[in-house]
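Single-structure report; data block below.
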Amino acid sequence: MNPKYRPLMESFHFKNGVEVKNRIVLAPMTISYSQQDGTISDELIAYYESRSNGVGMAVTGSTIVTPNSRVFGGELAADHDDKIPSLQRLATTIKKSGAKSILQIFHGGRESSPEVVPNSEIVSASAVAKEGLSVFPRALEEKEIGEIIRAFGASTRRAIEAGFDGVEIHGANRFLIQQFFSPYTNQRDDRWGGNIDKRMAFPLAVVDEVQKVVAECAKQPFLVGYRLSPEEEWTPGITMADTLKLVEALANKSLDYLHFSLMDFWSKPRRGVEDNRSRMEIIYELVGQRVPVIGVGSIHTPDEALRALQSGVPFIALGRELIIDPDWVGKITLGKENEIRTELTLNDQEKLGIAEPLWLKIINTPGWFPIADKT
Ligand SMILES: Cc1cc2nc3c(=O)[nH]c(=O)nc-3n(C[C@H](O)[C@H](O)[C@H](O)COP(=O)(O)O)c2cc1C
């Protein structure tokens with residue numbers, strides 16, 4: 001291995017005792033390979049086997065906690081005990097190569113498509129329709145909010161029983177937890193909405209419930225991470241100042257890590273703070289000494305990963321890059337970093353085991369994945 005890349009391959013010890021073999025994380029990616037009921041297909045197993053190989057930690061694609069959590073259909077499921085054997089198969093596959101296995105748990109809220117949820121009924125913090133759509137979600141009732149919080153806990157218990165090393169609470173990408181935090185999608189005037197403290201109540205209640213279940217059920221150290229998207233682009237919406245307040249509250253919860261969902265690791269705040277540094281640098285300065293941080297976003301080459309790591313964050317997640325080159329880590333450790341591929345070609349679908357729906361989305365969404373001109 002080229003010695004300059006050693007910092008990427010150093011092990012990391014979480015304070016709860018879990019040791020991760022290196023600093024590279026497989027970013028959570030829903031690639032629609034599970035069966036319609038959310039159980040694991042052979043293709044999905046093959047995907048996780050190749051993409052977990054070499055990384056220190058692998059986070060699964062988002063996994064539903066209740067039947068009405070689904071967004072697209074075909075997501076992984078942890079909404080019932082009958083999913084435990086299937087989850088067990090997934091955890092075993094990820095752990096085979098020594099990666100820590102993290103189940104990302106989520107509820108889609110108003111992002112759900114009516115066709116994939118029971119009775120076509122979409123729920124959210126408030127009845128605010130998605131932009132450009134006339135489908136209004138139903139505002140959740142007090143009792144239902146408690147049920148969803150407990151469903152995050154029950155899914156965590158299933159992850160523990162299935163042998164996962166941790167769960168990641170998905171508070172990012174506009175799904176239900178973010179909908180409660182956003183002043184745009186949360187227009188409630190009860191204890192779950194209003195000022196920023198009340199808008200944080202649901203995200204923090206989910207954290208408390210998940211940590212309670214871990215304390216009760218886990219027989220060995222089990223990681224609890226939280227993923228969030230800093231800022232929303234619309235006004236009213238989550239500002240960088242709001243994000244920093246939530247980050248501070250999460251850091252006080254003794255979470256094992258915070259994971260930031262960004263398309264560009266070096267992106268700068270839009271509004272809410274007067275600071276010319278990147279969002280990750282600002283966040284790292286605020287909480288980086290208290291809670292390990294995972295950064296992500298358009299990192300493809302080992303030099304880009306190294307530069308991101310030098311910002312101070314202990315972990316770098318790779319999403320699209322590990323779809324493009326599943327041997328990314330292996331090539332670095334063998335000193336073959338020059339052979340790392342950072343672009344797809346139009347011939348790669350079968351070789352890389354990319355399912356048809358994802359492949360079509362990739363080639364029909366210009367600019368999403370880097371695609372070489374040559375075929
Ligand atoms: C195909 C695909 C599916 C994704 N699914 C999820 C998901 O289930 N949960 C999640 O938090 N982020 C999801 N993301 C976002 C990634 O985790 C990551 O934040 C984003 O792709 C930026 O990282 P990258 O530049 O390394 O790809 C997905 C991204 C891709 C490309």
Fill in the blank from the handout: Cα-Cα longer than 29 Å, checked against Lys219/Lys331; Lys95/Lys212; Lys198/Lys219; Lys15/Lys351; Lys245/Lys331, kept in input order, equals Lys219/Lys331; Lys198/Lys219; Lys15/Lys351; Lys245/Lys331
Exercise for the section: Among Gln35, Gln310, Gln178, determine the one that fluctuates most according to a GNM of the chain built with springs between C-alpha atoms less than 10 Å apart. Expected result: Gln310
Fill in the blank from the handout: GluC sites (Glu not before Pro) in region 72-136 lying in a DSSP loop, each with at most 13 other Cβ atoms within 10 Å of its Cβ, come to Glu121, Glu131
Problem - Positive-pole candidate from Leu344, Gly146, Tyr5, dipole of the chain, charges at beta carbon - result: Tyr5
Practice task
Give the order of His107, His13, His300 when sorted by the count of other beta carbons within 10 angstrom, beginning with the fewest.
Solution key: His13, His300, His107
Practice task
Let me know the shape class of the chain, please: from the alpha-carbon gyration tensor, a ≥ b ≥ c as square roots of the eigenvalues, rounded when a/c is under 1.5, otherwise prolate if a/b is greater than b/c, or oblate.
Solution key: rounded
Fill in the blank from the handout: Rounded to the nearest Å, the spacing of the alpha-carbon centers of region 15-39 and region 335-375 is 21 Å
Completion exercise
Note: Thr235 to Arg6 extended length (0.36 nm per residue) minus current alpha-carbon separation gives 78.1 nm
Practice task
Let me know the charge dipole size of region 78-225 about its Cα centre in debye, to the nearest 20, where only the beta-carbon of Lys, Arg (+1) and Asp, Glu (-1) is charged.
Solution key: 480 debye
Practice task
Give me the angle, in degrees from 0 to 90, between the Cα long axis of helix 201-217 and the longest principal axis of the Cα atoms of the chain, rounded to the nearest 10.
Solution key: 70 degrees
Practice task
Neighbouring Cβ atoms within 10 Å as the yardstick, rank Arg270, Arg174 fewest first.
Solution key: Arg270, Arg174
Practice task
Sort region 207-338 into rounded, prolate or oblate with this rule: let a ≥ b ≥ c be the square roots of the eigenvalues of the Cα gyration tensor; rounded if a/c is under 1.5, and if a/c is not under 1.5, prolate when a/b is larger than b/c, oblate otherwise.
Solution key: oblate
Exercise for the section: Assuming R0 = 45 Å, can you tell me the calculated FRET efficiency for the pair Gln289 and Asp189, based on Cβ-Cβ distance, to the nearest 0.05? Expected result: 0.75
Exercise for the section: List the relative contact order of region 3-337 as a percent without decimals, with contacts defined as Cα pairs under 8 Å and 6+ residues apart. Expected result: 16 percent
Fill in the blank from the handout: Per-residue Cβ contact counts at 10 Å, fewest first, order Arg341, Arg110 as Arg341, Arg110
Problem - ³J(HN,Hα), Karplus 6.51/-1.76/1.60, whole Hz, each residue of region 51-58, x for Gly, Pro - result: 7, 8, 5, x, 6, x, 9, 10
Exercise for the section: Please get the size of the charge dipole for the chain, origin at its Cα centre, with Cβ charges of +1 on Lys and Arg and -1 on Asp and Glu, quoted in debye to the nearest 20. Expected result: 720 debye
Exercise for the section: On a 0 to 90° scale, report how tilted helix 240-251 is relative to the longest principal axis of the chain, with both axes built from alpha carbons and the result rounded to the nearest 10. Expected result: 80 degrees
Handout entry: Relative contact order %, region 60-196, counting alpha carbon pairs below 8 Å whose residues are six or more apart
Key = 29 percent
Exercise for the section: Show the residues, 5+ positions off or on another chain, whose built amide H is closer than 5 Å to the amide H of Ile371. Expected result: Leu344
Problem - Selection from Ile332, Pro85, Gly353 lying farthest towards where the dipole of the chain points positive, charges on Cβ - result: Ile332
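Quick note: the coordinates plus some simple rules give every number you see, no bench work behind them. What you see is a predicted model, and the numbers here were worked out from it, not measured in a lab. All Cβ positions, even for glycine, are placed from backbone atoms using ideal geometry, and neighbour counts span all protein chains on display.
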